[in-house]
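Here's the structure we're looking at; comments come further down.
Bear in mind that the values in this text are calculations on the coordinates, not laboratory data. As the structure is a computational prediction, the values presented were derived from the model and not from experiment. Cβ coordinates were reconstructed from backbone atoms using ideal geometry, including for glycine residues, and neighbour counts include every protein chain displayed.
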Amino acid sequence: MSKPVYKPNKEFAKNARIKNMCEYNDLQEWASEDYEGFWGHYANEKLDWIEPFTNVMDESNFPFVKWFEGGKLNVAAQCIDRHLDTRKNKAAIIFEGDRGDKQIITYLELYYNVNRFANLLKKKFGVKKGDRVVIYMPMIPEAAYAMLACARIGAIHSIVFGGFSAEALRDRIEDAEAKVVLTADGAYRKDKPYMLKPVVDTALEGDTTVEKVLVVERNGEDIEWVAGRDYSYNELIETQDVHCESEVMDSEDPLFLLYTSGSTGKPKGVQHNSAGYILWAQMTMEWVFDVKENDTYWCTADIGWITGHTYIVYGPLAMGATTVMFEGVPTYPDAGRPWKMVEEYKINQFYTAPTAIRVLHKMGEDEPKKYDLSSLKVLGTVGEPIDPPAWKWYYEEVGASKCAIVDTYWQTETGGHIVSPLPGATPIKPACATFPLPGIMAEILDPATGERVEAGETGYMCVTRPWPSMIRGVWGDAERFVKSYFGDVKKDGKPVYFTGDGAVYDEDGYITITGRTDDVINVSGHRMGTAEIEAAIKKHPNVAEVAVVGKPHDIKGEGIFAYIVLKSDDGIADEVEEVKAINNVIKKEIGNIALCDDIVFAPGLPKTRSGKIMRRILRSIAKGEAITQDISTLEDPSVVEKIENMVKSK
Ligand code: WT7
């Protein structure tokens, strides 16, 4: 059965940047006929160049690709300085704290705050172009200043999500050989203070490359100060000069690293460079959210993830928009909080994750009715496939059946959206990412032949030509970069970028993402490698073997299901205690975000005779599905039934 189709709102479409599918098709045709002409045009139109580029793209060393060579620019200047003539008193950032405290930061204030921060890093800490700076911060404006200050002086930032543990933070600091850590004492969540600085202290114990730590005092709780290493932002910032010349950067100078999970235990440092990244961040803001000069745009992500990078900070500021930043959680003090904020700030574009939509739906189905949401024009979703019931509620109750829902498909590595509806042009279908954006040659390919799949056949979601905001490398590991993304699919004999996701076309050519094809799971929109969680669990001294799989979860999308074989065969003394002990190890190694939803202490794991764990069987058991595949070739087929019974009786 085909899905219902919702046409774009006519009034909205009239003033949209891309007004109909003809315009979309024209753009896509232009890009496919004159790829470099298309991108060169936009790079000239959208960016302020200190020196113009001389070459649009060089793919002679594919997949190591260079965009806009010869060009010089500064990303912080793109986001701030060039707006000062026309927008100096416009709100750049509207901040709302967990407890309802508010701040409005104009573009001129942003300019001064970022410059002071940049001077502090440069003059007090000696941070230079190319140095790595780790940011471990809550959702406060200073986090955005920190990112832009790095960009201003050419330092490479690497943000680590505040939910990661000291071990995870240490790994990322070590891998990037960071010189400085920017953090806060902590922040507030549900009206209570929580702490970050103690985590940094633990992460820096023993040998470290980190020389200085800057602490923003947000919640004022007591923390330890290490003399000569730790400095108070609040004390130092006031006396910094408000002018700081921006570093002249090459188009391909690195802008940031962001660690993400892959199918092996070690997270990879995804590298994005300057010009291509900021160009696509800005273009997608304009096309996909269609933000207008007086609009107020709100993305609820955390800056610790790529969505926060591209669609809270870099994209909105590059286009001169007003971006809302929120410290709290969407369900506190109740599940009407986001709608209260939409009413209060007259939000025009609201961008969130399916997991949040499901929570808000479940906990506050009627909450949207209590607020005036008439300012809303575009609703966005990202991070995982959204289920039709959540989509319907979002469309009807939040968007009053008049807002487009942009189901934006992309990932850390793509820098910005790659497949998404355009709100004024694309007739949308529920839970469907629809079509590649103009300029993006995204195609679903059959991995065996490299041919485009037929409608209804699942294939691999690929991008067949490099685009400006494509990942430029895995930090310190060129081989892993090539292998992870360009090893699996070839089109016309040439390797193409493979996202790791499966996808399918419907009869109208619409793309629906079906989910990961590798051992990566998506928990509340957070990407976790099962191998990473397994590596953590294995650190428990009594664990002999472990296999982690994803299991459908009402709210989180996927939950974490672990099968564990213990070393001691005299049974488990106390299962509750044992589960607690396992979760404590995960908490220490990765953080609370990776805690298991289910743990089964299995007598063994289903393995082939060559020792390969059959995860497909474990996934089926976790879901409570009947096992259909042949298990007679397993090393010990009886283990399957034993595990099945254990799971059933849970
Ligand atoms: C993975 C990327 C992109 C920012 C947030 C997560 C899944 C993302 C969608 C969507 C279905 C989606 C994919 C992708 N994903 N957006 N609209 N529909 N699935 O970034 O941590 O790099 O995760 O999230 O599986 O590969 P990330």
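At a glance:
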{"read-out": "Order of 375, 620 - criterion: other Cβ atoms within 10 Å of each residue's Cβ, fewest first", "value": "375, 620"}
{"read-out": "Exposure proxy ranking, count of Cβ atoms within 10 Å, fewest first, for 647, 406, 324", "value": "647, 324, 406"}
{"read-out": "Low-density loop positions, trypsin sites (Lys or Arg not before Pro), segment 1-101 - DSSP coil, at most 10 other Cβ in 10 Å", "value": "none"}
{"read-out": "Projected-area mean, segment 1-91, by convex hull of Cα positions, square nanometres", "value": "10.6"}
{"read-out": "Gap separating the Cα centres of segment 363-392 and segment 521-556, nearest whole Å", "value": "29"}
{"read-out": "Residue-averaged [θ]222 nm for the chain, counting only DSSP H segments that reach four residues, each worth -39500 (n - 2.57)", "value": "-8000 deg cm²/dmol"}
{"read-out": "Order of 352, 106 under a 10 Å beta carbon neighbour criterion, fewest first", "value": "106, 352"}
{"read-out": "Relative compactness, the chain, computed as alpha-carbon Rg over 2.2 N^0.38 Å", "value": "0.95"}
{"read-out": "Over segment 445-551: Rg over Rh, Cα atoms, Kirkwood Rh", "value": "1.04"}
{"read-out": "Average silhouette area of segment 34-329, convex hull of alpha-carbon atoms, in square nanometres", "value": "15.8"}
{"read-out": "Distance from segment 175-209 to segment 295-320 (C-alpha centre basis), Å", "value": "23"}
{"read-out": "Overall dimensions of segment 159-261 as given by Cα atoms, namely Rg and Dmax in Å", "value": "15.2, 44"}
{"read-out": "Projected area averaged over orientations for segment 17-168, convex hull of C-alpha atoms, nm²", "value": "13.6"}
{"read-out": "Ranked by how many other beta carbons lie within 10 Å on average, peptides 426-439, 454-467, 305-318 from highest", "value": "305-318, 426-439, 454-467"}
{"read-out": "Rel. contact order, % - alpha carbon contacts under 8 angstrom, at least six apart, the chain", "value": "13"}
{"read-out": "Low-density loop positions, chymotrypsin sites (Phe, Trp or Tyr not before Pro), segment 218-287 - DSSP coil, at most 15 other Cβ in 10 Å", "value": "225"}
{"read-out": "Approximate shape of segment 540-632 as ellipsoid semi-axes (Cα gyration tensor, √5λ), whole Å, largest first", "value": "22, 19, 11"}
